[in-house]
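The values are calculated or read from the model by the stated rules, or taken from the named source; none is laboratory data. In this text the structure is predicted, and so the values were computed from the model without any measurement. Please note: Cβ atoms are built from the backbone with ideal geometry, for glycine as well, and neighbour counts cover all protein chains shown.
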Amino acid sequence: MKSTPTRTLAVDGVAVLGEAVDRISHANGISDPARRSFLRRSLTLGGLSMLTGCTLVDQDSVEAALTRISRVNDDVQAWLFDPNRLAPTYPESMITRPFPFNAYYGENEVRQVEENGFRLEVTGLVADKRKWSLPELRAMPQVDQVTRHICVEGWSAIGKWGGVPFASFLRRVGADLSARYVGFKCADDYFTSIDMPTALHPQTILALTYDSQPLPPKYGFPMKLRMPTKLGYKNPKHIQAIFVTNTYPGGYWEDQGYNWFGGS
Ligand SMILES: Nc1nc2c(c(=O)[nH]1)N[C@H]1C(S)=C(S)[C@@H](COP(=O)(O)O)O[C@H]1N2
Ligand SMILES: [Mo]
């Protein structure tokens, strides 16, 4: 018997939706199977279509509708973000040893960046576009913090990072603090971007050390941006260039469906 086109579409749509809910749940840190299956059961194509005002005819339009939900989620998270609320800090005795490595490639492919000749690029909406050597960054006042890193893949670990408070760095280079985004380009071609309120958060640091030692290659030498208020994938390692902009820069995982705000 031949099924009607509408019926076939609905069945395919539900399958696509189920997969998409899993992916978006993953990207938003919803790892609890009970919450996921609740979402799977309660989110129907009709509901999604009503929520987003999109006509859901194929995989692309379902993806577009979910992207739209993810953008609303970004706005809600940005609105809920309290620039003065501090993430928990921990005693050094609670540091996870060994601290896990993660990247979009294996540990045997970690980028080896040379210290000699390294210069951090700073571009976009900043008054001073001078490049920075590592000794120059180390000469700025440094802070240390022990915080929890949370990865959407379902693990978390406590680590100790030290470096320059990112707000001091942005002020020092005369960044336009009313700009929307700060973007990062990394030596391994990873890239990401964050909102200005998080960039200015007191616990956001341009980290040069891990556990009081120069950042080892696997944890992102020569520097990473460490934000205990954001999920792991928002914390770029091997930073090569920083830019301030009002044009949405996206990110390596964000462009593949991970939520952009990525609060933890
Ligand atoms: N340059 C770069 N930064 C990156 C990644 C990456 O692949 N490349 N992966 C991100 C992800 S998903 C995680 S969980 C953390 C892992 O950091 P760690 O190796 O210090 O645990 O780095 C983030 N920053
Ligand atoms: Mo991650």
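Things to note:
- Scanning segment 135-174 for residues that are of a type outside the set (A, V, I, L, M, F, W, C) and either outside the structural domain of Asp211 (by TED's automatic domain parsing) or free of Cβ contacts under 8 Å to residues at least 12 places away in the same chain (or both) gives Pro135, Glu136, Ser156, Arg171.
- Taken together, Thr209, Thr229, Thr198 contain a single residue that is touching a helix residue (DSSP H, G or I) at 6+ places or on another chain (Cβ under 7 Å), among the hydroxyl-bearing types (Ser, Thr, Tyr) and assigned by TED's automatic domain parsing to the domain that holds Leu120, which is Thr229.
- The number of residues in segment 190-244 being part of a loop (DSSP other than H, G, I, E, B), within 12 Å of ligand 1 (Cβ to nearest atom) and either touching a Lys or Arg at 6+ places or on another chain (Cβ under 9 Å) or without any contact (Cβ under 8 Å) to a residue 40 or more places away in the chain (or both) comes to 12.
- Condition met for Glu121 (away from ligand 1 (no atom under 12 Å from the Cβ) and touching a Pro at 6+ places or on another chain (Cβ under 7 Å)): no
- When residues of segment 209-257 are limited to those that are away from ligand 2 (no atom under 16 Å from the Cβ) and hydrophobic (A, V, I, L, M, F, W, C), the one farthest from Tyr181 (Cα to Cα): Leu215
- Selection from segment 169-202 of residues that are of a type outside the set (Asp, Glu), farther than 13 Å from Phe261 by Cβ and within 16 Å of ligand 2 (Cβ to nearest atom): Phe184, Cys186, Tyr190, Phe191
- Exactly one residue out of Arg148, Arg111 is surrounded by fewer than 19 Cβ atoms within 10 Å (Cβ to Cβ), in a strand (DSSP E or B), under 20 Å from the mean Cα position of the chain (by Cα) and within 16 Å of ligand 1 (Cβ to nearest atom): that is Arg148.
- Here Asn116 clears all of (1) in contact (Cβ under 8 Å) with a residue 12 or more places away in the chain; (2) at negative phi except the condition numbered (1).
- Residue count, segment 245-263 (criterion: surrounded by fewer than 22 Cβ atoms within 10 Å (Cβ to Cβ) and either touching a residue at least 60 places away in the same chain (Cβ under 8 Å) or more than 12 Å from ligand 1 (Cβ to nearest atom) (or both)): 12
- Residues of segment 189-225 that are surrounded by fewer than 19 Cβ atoms within 10 Å (Cβ to Cβ) and acidic (Asp, Glu): Asp189, Asp211.
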